[in-house]
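Worksheet: the structure to be examined is printed underneath.
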Amino acid sequence: MTQAEPRIQEPRRPRILLVDDDPGVRRSLQLLLRGRGFDVRAYAMGSALLADGDVHEAACFISDYRMEDIDGLAVLGRLRADGWNGPAVLITAFPSPDLIERAKAAGYASVVDKPFREHALADIVGRLVAANLGPAINTPSNSAG
């Protein structure tokens, strides 16, 4: 009788929620963040994200500001009302001091103007996730050598 090799369980990758109605931006960010070691759930509409019952496990939330069905501030407001307290990043092509102030008041940790360097956004997400989950999590900000 042979003994089975013990299965090594891989560490769970931090889940990122991403909502952007632009398919090119959404897909590009999804691929970049997956390449950085994140489990990415991407949605075309805020209402689709809010309808998903499995969003509370997310380590970070990234949202476009202007979308057809609901804006990014309202999406984060609903997530917060449902008890999700993770870090969030708002991306927008319509930056203004008023929007930045409202985003910060809504709970966004960072507001990033479009167009943006995707790697800069991935670095922001990595730092936020590491700060939120602790240094034991393997993210870009603490795994680089």
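Bear in mind that the values in this text are calculations on the coordinates, not laboratory data. For clarity, every value in this text was computed on a predicted model and none was experimentally measured. Note that each Cβ is placed from the backbone with ideal geometry, even for glycine, and that neighbours are counted across all protein chains shown.
Scanning residues 5 or more positions from Asp69 or on other chains, those with amide H under 5 Å from its amide H are Gly46, with H placed 1.01 Å from N in the peptide plane. Legend: ranking of residues Glu68, Glu57 from fewest to most surrounding C-beta atoms inside 10 Å; resulting order Glu68, Glu57.
Please report the net charge: other residues with Cβ closer than 10 Å to the Cβ of Ile16, K and R +1, D and E -1. Show your work: numbers first, answer last.
Values: positive: Arg13, Arg15, Arg34, Arg36, Arg41; negative: Asp39.
Net local charge, Ile16 excluded: +4.
Determine one quarter of the surface area of the Cα convex hull of the range 21-75, which equals its mean projected area, and express it in nm² to one decimal. Before the final figure, lay out the partial values.
On the way: hull surface 14.8 nm².
The directionally averaged projection comes out at 3.7 nm².
Taking a sphere under 12 Å around the Cβ of Arg34 and counting the other residues whose Cβ falls inside, with K and R at +1 and D and E at -1, yields a net charge of +4. Need one word for the range 24-145: rounded, prolate or oblate. Basis is the Cα gyration tensor (sqrt eigenvalues a ≥ b ≥ c); a/c below 1.5 gives rounded, then a/b vs b/c decides. Note, shape of the range 24-145 comes out rounded.
For a footprinting-style exposure proxy, rank Ser96, Ser63 by other Cβ within 10 Å, fewest first.
Numbers: Ser96 10, Ser63 27.
Fewest-to-most Cβ neighbours within 10 Å comes out as Ser96, Ser63.
The label-point distance for Asp69 and Asp98, in a model that sets each label 7 Å from Cα toward Cβ, rounds to 2.7 nm.
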